[in-house]
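The block underneath contains the structure these notes are about, expressed in structure tokens.
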Amino acid sequence: MNSFRLLPRRAAVAAAASVAAVALAACGGNAGNGGGSPAASTAQAGSSASASAGQHNQADVTFAQGMIPHHRQAIAMADTAAEHASSGEVKALAEKIRKAQTPEIDTMTTWLKSWGEQVPQGMGGMGDMGGMGHGSPSAMPGMMSDHDMDQLKGASGSAFDTMFLSMMIKHHEGAVEMADTEKRQGAYGPAKEMAGTIVTGQTAEIAQMRKMLGTGSPSATAS
């Protein structure tokens, strides 16, 4: 008789344990639907964001190492315009170029340092890249030679204005070409975004400079 009285109690205990197991499994299933436990999901998301922010390839490095000296030369040309240009419009454009490109140089320098890559010195002359293979300024699209820069510094008045605009059009076209390459081949989001900004901004300035020269086509640079 005692054994028969224990049977219902044992069945009740077993049923309760079974219900508890189902409830725990359901909780685990809900966490699984969300991609794992909250802690694991947070860690995974943080890891993905970090990888995305830091991902870069050789095209990004080449873009930054080439565009830094390219920008430096544009700023040097703009500084010359402040002293030699006769047109207020030319001086205003030169100042706009200087203000746009100076912070971009700082940003690209930060990228290269964070990637453990060499930051180029000067404006791309022989030895400025520390043997990195870029060579002379002519190796980068749109770069002026030392002779071009000397001619620009020796000009003044309206002759300077014409020379500056002609040279800067070519310079900008080179920058747009380099930025287009970065947009196609780069992997680092911020670098690709900067490349897009360069393409948009400098394409607009090219159109402006052609109007200032009174021509709708590219102008020949001084040689």
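The values are calculated or read from the model by the stated rules, or taken from the named source; none is laboratory data. This structure is a prediction, so every number in the text was calculated from the model and none was measured. Cβ placement follows ideal geometry from the backbone for every residue including glycine, while neighbour counts extend to all protein chains displayed. SASA here: full protein model, heavy atoms, side chains in, ligands and nucleic acids out. Shrake-Rupley method; radii C 1.70, N 1.55, O 1.52, S 1.80 Å.
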- Task: Mind counting the residues in the stretch 86-95 that are open to solvent by less than 10 Å² (accessible area, probe 1.4 Å) and in contact with a helix residue (DSSP H, G or I) (Cβ under 6 Å, 6 or more places away or on another chain)?
- Result: 2
- Query: List pairs: first in the stretch 70-84 and under 16 Å from Val176 (Cβ atoms) and touching a residue at least 12 places away in the same chain (Cβ under 8 Å), second among the hydroxyl-bearing types (Ser, Thr, Tyr) and open to solvent by 50 Å² or more (accessible area, probe 1.4 Å), Cβ under 9 Å, 6+ apart or cross-chain?
  - Reply: His71/Thr102
- Item | Selected residue (only one of Asp180, Asp148 is surrounded by 16 or more Cβ atoms within 10 Å (Cβ to Cβ) and among the acidic types (Asp, Glu)) | Asp148
- Members of the stretch 108-134 that are more than 19 Å from Tyr188 (Cβ to Cβ), open to solvent by 30 Å² or more (accessible area, probe 1.4 Å) and either at pLDDT 95 or above or not charged (D, E, K, R) (or both): Gln121, Gly122, Met123, Met126, Gly127, Gly130, Gly131, Gly133, His134
